[in-house]
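Structure first, then comments.
The values are calculated or read from the model by the stated rules, or taken from the named source; none is laboratory data. Note that the structure is a prediction, hence the values are computed from the model and not measured. Neighbour counts run over all protein chains shown; Cβ positions are idealised from the backbone, glycine included. These area figures cover heavy atoms from the full protein model, side chains too; ligands, DNA and RNA do not enter into them. Shrake-Rupley method; radii C 1.70, N 1.55, O 1.52, S 1.80 Å.
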Number of protein chains: 2
Amino acid sequence: MTQQINQETAGVAQWHSLGQQLRVDSIRSSSGAGSGHPTSSMSAADLLAVLMGKYLRYDFDEPENPNNDHLIFSKGHASPLLYSVYKAAGAISDEELLTFRKFHSRLQGHPTPQIPWVDVATGSLGQGLPIGVGVALAGKYLDKLPYHVWVLCGDSEMAEGSMWEAFQHASYYKLGNLTAILDMNRLGQTRETMNGWHGDRYAARAEAFGWNAIQIDGHAPDEIDGAYAEALEETDRPTLIVARTKKGRGVSFLEDVDGMHGKPVPGDDVQKALDELGDHDDLLVNVRKPDPGQGEDFTPGLTGELELPTWEVGDEEATRGAYGATLKALGGAREDVVALDGEVSNSTKSEEFAEEYPDRYFEMFIAEQQMVSAAVGMSVRHRVPFASSFAAFLSRAYDFIRMAAISRANIRLSGSHAGVSIGEDGPSQMALEDLAMMRAVHGSTVLQPCDANQTARLVAEMADKDGIVYLRTLRPKTPVIYDASEGFLIGGSKTVRSSDEDAVTVVASGITLHEATKAADELQESGIAVRVIDAYSIKPIDGDTIRDAARATGGKVVVVEDHWPEGGLGEAVLSSLSGRLDDLHFEHLAVEIMPGSGSSAELMDAAGISANHIVDAARKLANG
Amino acid sequence: MTQQINQETAGVAQWHSLGQQLRVDSIRSSSGAGSGHPTSSMSAADLLAVLMGKYLRYDFDEPENPNNDHLIFSKGHASPLLYSVYKAAGAISDEELLTFRKFHSRLQGHPTPQIPWVDVATGSLGQGLPIGVGVALAGKYLDKLPYHVWVLCGDSEMAEGSMWEAFQHASYYKLGNLTAILDMNRLGQTRETMNGWHGDRYAARAEAFGWNAIQIDGHAPDEIDGAYAEALEETDRPTLIVARTKKGRGVSFLEDVDGMHGKPVPGDDVQKALDELGDHDDLLVNVRKPDPGQGEDFTPGLTGELELPTWEVGDEEATRGAYGATLKALGGAREDVVALDGEVSNSTKSEEFAEEYPDRYFEMFIAEQQMVSAAVGMSVRHRVPFASSFAAFLSRAYDFIRMAAISRANIRLSGSHAGVSIGEDGPSQMALEDLAMMRAVHGSTVLQPCDANQTARLVAEMADKDGIVYLRTLRPKTPVIYDASEGFLIGGSKTVRSSDEDAVTVVASGITLHEATKAADELQESGIAVRVIDAYSIKPIDGDTIRDAARATGGKVVVVEDHWPEGGLGEAVLSSLSGRLDDLHFEHLAVEIMPGSGSSAELMDAAGISANHIVDAARKLANG
């Protein structure tokens, strides 16, 4: 017989019963699946019982209600608890709860936004809190709505550096609308955490980073109640609630016992466990919807005319410069575009947007993991985030980019200073693996413009492309070769040199496109006609055009890229040709030696990707 | 006329002059190059003057002296200062100093171990300190030598989460032999840092993380002297020296001036700057060699007989289990092998080594960036580090892996739980991009065994392979198909099904190898002979065998991998075939949909990479 819990009247007795029910359901779901993390769920049950039993303001019928609170399980493996919360809220049935981890169930091993009330996928630790920072930034500075961001964290994940990026940024940005609930259950996967139950250490660290820290008994509902109330009073400081808990709490043979991480309660022991927890399985919590509030404070999509910056053919401009100018133009035509940067905005040129629209620019300092997380968080709040840094430093955030794909996040990333063409700074600053890295992201789009007008068009195209879109920009200036009126579509290419006598096809992108045209012009003088394709869309790649060109040139194809040989443009071309082309004669020019310092021209030549190398390769194929 | 500075007698006056010389040379080198970071170098000049002028114990003639201190510039862009230090130590000439950033110069824009006195490449911020933690771990627990690890840090990079992983681990592991010198010059690249000159904030954070923190005027040599002396007295606590400094210190038009980051002093202003700094350019510091000490406490290479674990054909064992057993065997035969893990040792099975050789196992908790950094640091001290976590979580450390290649580090990485075959945990725990990620690392080796005996052989091969070696292991048990006596070489492959009538070649690896043999056996029954190649070495790949097989089967090749389509086995095969094979008919089976939860078999089938899908693809080619 269902018993209703109302947030306005609930007290310790109700929260205790609810906590027990959440434990019961965490065990039932994981034991039913034969896998999962019940003990990690049980330690946080009281924390969630009080949260949903009094404080959480959420409309389960309207997950897109902009006034909803946000609940993020940074400790994503406590998914049984999260799903038990959804059941207790009446959002899912008990029957669905028991589909946990089954094939085709939306209740996956770790939460994903396949479930409407889940903002982002978690399961890789240390990500939920920095993403929560992004949502809270949106709440405080963009939406200007009073929703609260609640993030359940594990103590093991406090070892992840990204958590401390979140700590730093949340206090710097005065996120009083953010509360991190630390389920300090002492036990990690294989052993005790570095800090065990020394809650004072976590509290001291949080305070040193500018947070409000509250230490409580995580199984005392009255203390939890007091902590949440105190957290909600903060306007300019985020709160860390350090809750001393026991893993497997509530069942004697599980509670604070080593070696129980990630183990479902064996079938034979389930009833014993449930008996200890008491007969709770039919409580329903009437989670209050948020107050109507002001609604969203922005209009998505174009709100003004987009006037792209333009350049004259023959001008010289770096594609990173064009990125900056276009981002600014986009910011003027769209209220939903926001920009983030990793303290290199005068290098990536996002500074142009920052100067013009400071209220929509977020300096993320040297913290790329937090930057990408914040972009994901802002996309949860329907902004169109453009995040930039040196392409090489986006690799710092690869696990976050990987998880963003599982989150189905729509984020735009721009990486500048690609390749050896950056020159004297040397290899630490050069991205030579970023095309491989970004191609291997599910559903991603990978673009590399070669001139300023093309960049402008592609940046505009990026804005509404779903998923993770990556734009690779260059440090040096390149000649403008495309008229400002020319259009460029994602998935397209441009053939910039072509004739009926073409003997070889050269596929290039970015800086190498200019080397390729130089080479083609030189070869033309010695009577060899070369087709040059600007593959500015590396993923998806314009396979049709490349195949047609390859066929027209007898299968003779040179691909040249400022990137390692693996996983980049060359292999993208091969994948597009494979199985559809007889008789391929392929030359791949890529960076194979570790570069040092030097001028752009010296390094490109040493890497074998400059015009004269393209000439040699094309000649070899043409004559061979 | 050269003036000698002796560490035993130097005092404030000498250190001041030396600091000025380091500033002079930082300007001369970067202005000569037309690029570089003089102001970032000038702020730390007094810190280095006192360090080299009294405390640093280093034999520049014998960089491999195990008793040498270690000096790491975590703020790698202050390379002009580092090179000026080498000149002042007499290690390089003034002439060489002025080759800074030139093509072919070993004095690159950011330091690399091309220079004998540089341990590791820096330039991507937030890495030098965690690597220093690795070196200090080696010093305290492996070498048991008294050398000190000095790490120069910038204040901008304190925003990187990886720094806080280092803070946590250094105190947990009681690294009194580590000192972080924070050059708190207030100004980042584009603006003031989040904490400006609030040295108390950095100190409070360091103390909250268990460090000793000392705040000083970074331009007062006597205070610097006192701080270094105090740091050296610590036995069990690392020290953070928070030095208040001014960017561009010493030159009035540069000192603490916005907008001067990464800008060389323009030619016209160089003399003005040098005039302000005074006429210093001929000081030579007699940096004392370290005391002889005990020498290295281990023997590199095999010290005992390596008895690999073996399995019987037909047994079932997970390749991750074989990794664990072999690592233990390796640990027994080699004193130089050490293991590190990211708090998942009962999943990766590194726990077997940990139980047997606890003195050589380092638990790195949930901090993959620190784990990889520590491996790099231990390789600096000539250990053979095997670091493991879930393959998906190694993506957290991608920027560190990238930089490790520039560092020419020899590290072995093992990533478990690869692909959809892990089952119910779902996509957050699955590595589906790791082959692309690791192939695109300069000089890397990428291996994926399919059975336990093969794993054992490959783990043994990994130990001395130079560079970054990656082993991908599986969660589920797989059948043992290779006899324990069989050998496997890096760069090789095994043809497991072959006949003179082969109509199609199937190339597989890891879990898909077993699907491929199932498929081949099924196809055999319907009269289609299929050649199956186990490409356990994905990089370098056995192109010869694959090409021969492709030719023998009329160019009909199926590649099947538990990985996204981009950058993995399929593209590695294409790259090995391209340009050398006419008439390729290629089918690529890879994971193209985002997986959910489910059993291993359900997920592999839904992903299109199970036996029946291989059958379909092979049949299509055979009949086509």
Check your understanding: Taking the stated definitions as given, is B:Asp217 in contact (Cβ under 8 Å) with a residue 12 or more places away in the chain, touching a helix residue (DSSP H, G or I) at 6+ places or on another chain (Cβ under 7 Å) and among the charged types (D, E, K, R)?
Key -> yes
Revision key, fill the gap. Only one of (1) assigned to a loop (DSSP other than H, G, I, E, B); (2) surrounded by fewer than 24 Cβ atoms within 10 Å (Cβ to Cβ); (3) more than 9 Å from chain A (Cβ to nearest Cβ) does not apply to B:Cys450, and that is (2)
Review point. Are any residues in the stretch B:453-493 open to solvent by 10 Å² or more (accessible area, probe 1.4 Å) and of a type in the set (D, E, K, R), and if so, which ones?
Key: B:Arg457, B:Glu461, B:Asp464, B:Lys465, B:Asp466, B:Arg475, B:Lys477, B:Asp483, B:Glu486
Review point. Only one of (1) on the phi < 0 side of the Ramachandran plot; (2) open to solvent by 10 Å² or more (accessible area, probe 1.4 Å); (3) out of contact with any helix residue (DSSP H, G or I) (no Cβ under 6 Å at 6 or more places or on another chain); (4) more than 9 Å from chain A (Cβ to nearest Cβ) is not met by B:Ile115, so which one is it?
Key: (2)
Review point. Out of B:Ala456, B:Ala463, which single residue is out of contact with any Pro (no Cβ under 8 Å at 6 or more places or on another chain) and either at the interface with another protein chain (Cβ under 8 Å from one of its Cβ atoms) or over 17 Å from B:Asp542 (Cα atoms) (or both)?
Key: B:Ala463
**Study point:** Any chance A:Val591 is of a type outside the set (D, E, K, R) and farther than 25 Å from A:His442 by Cα
**Key:** yes
Check your understanding: Restricted to the stretch B:356-373, and to residues that are more than 21 Å from A:Asp155 (Cβ to Cβ) and away from chain A (no Cβ under 11 Å), which residue is most open to solvent (accessible area, probe 1.4 Å)?
Key -> B:Asp359
Exercise for review: Might you check whether a residue that is surrounded by fewer than 24 Cβ atoms within 10 Å (Cβ to Cβ), touching a Pro at 6+ places or on another chain (Cβ under 7 Å) and not polar (S, T, N, Q) occurs anywhere in the stretch B:119-141?
Suggested key: no
Check your understanding: Among the numbered criteria (1) more than 14 Å from chain B (Cβ to nearest Cβ); (2) in contact with a strand residue (DSSP E or B) (Cβ under 9 Å, 6 or more places away or on another chain); (3) of a type in the set (Gly, Ala, Ser), which single criterion is violated by A:Ser84?
Key -> (2)
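Residue-by-condition table, conditions (1) basic (Lys, Arg); (2) more than 9 Å from every other protein chain (Cβ to nearest Cβ); (3) within 17 Å of A:Ala516 (Cα to Cα); (4) open to solvent by 10 Å² or more (accessible area, probe 1.4 Å):
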{"position": "A:Ile546", "(1), (2), (3), (4)": "no, yes, yes, no"}
{"position": "A:Lys556", "(1), (2), (3), (4)": "yes, yes, yes, yes"}
{"position": "A:Phe586", "(1), (2), (3), (4)": "no, no, yes, yes"}
{"position": "A:Ser597", "(1), (2), (3), (4)": "no, no, no, no"}
{"position": "A:Asp605", "(1), (2), (3), (4)": "no, yes, yes, yes"}
Review point. Across the stretch B:221-249, what is the number of residues that are more than 28 Å from B:Gly139 (Cα to Cα) and either without any contact (Cβ under 8 Å) to a residue 24 or more places away in the chain or within 28 Å of the chain's Cα centre (by Cα) (or both)?
Key: 0
Review point. Does B:Ser156 meet the test of being of a type in the set (Gly, Ala, Ser), within 19 Å of B:Ser40 (Cβ to Cβ) and crowded, with 24+ Cβ neighbours inside 10 Å?
Key: yes
Revision key, fill the gap. Only one of (1) surrounded by fewer than 24 Cβ atoms within 10 Å (Cβ to Cβ); (2) in contact (Cβ under 8 Å) with a residue 12 or more places away in the chain does not apply to A:Arg101, and that is (1)
**Study point:** All positions within the stretch A:607-624 that are surrounded by fewer than 22 Cβ atoms within 10 Å (Cβ to Cβ) and over 29 Å from A:Glu424 (Cβ atoms)
**Key:** A:Arg619, A:Lys620, A:Ala622, A:Asn623, A:Gly624
Practice item. Scan the stretch B:429-440 and give yes if some residue there is within 8 Å of chain A (Cβ to nearest Cβ), open to solvent by 10 Å² or more (accessible area, probe 1.4 Å), more than 26 Å from B:Ser124 (Cβ to Cβ) and out of contact with any Pro (no Cβ under 8 Å at 6 or more places or on another chain), otherwise no. Key: yes
**Study point:** Condition met for A:Thr348 (within 14 Å of chain B (Cβ to nearest Cβ), in contact with a helix residue (DSSP H, G or I) (Cβ under 7 Å, 6 or more places away or on another chain) and open to solvent by less than 10 Å² (accessible area, probe 1.4 Å))
**Key:** yes
Revision key, fill the gap. Being within 30 Å of B:His261 (Cβ to Cβ) and of a type in the set (Gly, Ala, Ser) narrows A:Ala333, A:Ala273, A:Ala339 down to just A:Ala339
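Quick grid of which residues meet (1) among the aliphatic types (A, V, I, L, M); (2) at pLDDT 95 or above; (3) out of contact with any Phe, Trp or Tyr (no Cβ under 6 Å at 6 or more places or on another chain); (4) closer than 18 Å to B:Asp583 by Cα:
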position: A:Lys494; (1), (2), (3), (4): no, yes, yes, no
position: A:Arg497; (1), (2), (3), (4): no, yes, yes, no
position: A:Thr505; (1), (2), (3), (4): no, yes, yes, no
position: A:Ala549; (1), (2), (3), (4): yes, yes, yes, yes
position: A:Glu566; (1), (2), (3), (4): no, yes, yes, no
position: A:Leu574; (1), (2), (3), (4): yes, yes, yes, yes
position: A:Glu587; (1), (2), (3), (4): no, yes, yes, yes
Point to revise | strands (runs of 3 or more DSSP E) (entirely within the stretch A:528-624) containing at least 2 residues that are charged (D, E, K, R) | key: A:530-534
Exercise for review: Specify the residue that is surrounded by the fewest Cβ atoms within 10 Å (Cβ to Cβ); the eligible residues are those in the stretch B:326-343 that are more than 14 Å from chain A (Cβ to nearest Cβ) and touching a helix residue (DSSP H, G or I) at 6+ places or on another chain (Cβ under 6 Å).
Suggested key: B:Lys328
Check your understanding: Applying the selection to the stretch B:119-132, what residues are over 13 Å from B:Ala405 (Cα atoms), aliphatic (A, V, I, L, M) and within 12 Å of another protein chain (Cβ to nearest Cβ)?
Key -> B:Leu125, B:Leu129
Check your understanding: Can you name every residue in the stretch A:391-421 that is surrounded by 24 or more Cβ atoms within 10 Å (Cβ to Cβ), hydrophobic (A, V, I, L, M, F, W, C) and facing chain B (nearest Cβ under 9 Å)?
Key -> A:Ala392, A:Phe393, A:Leu394, A:Ala397, A:Phe400, A:Ile401, A:Met403, A:Ile406
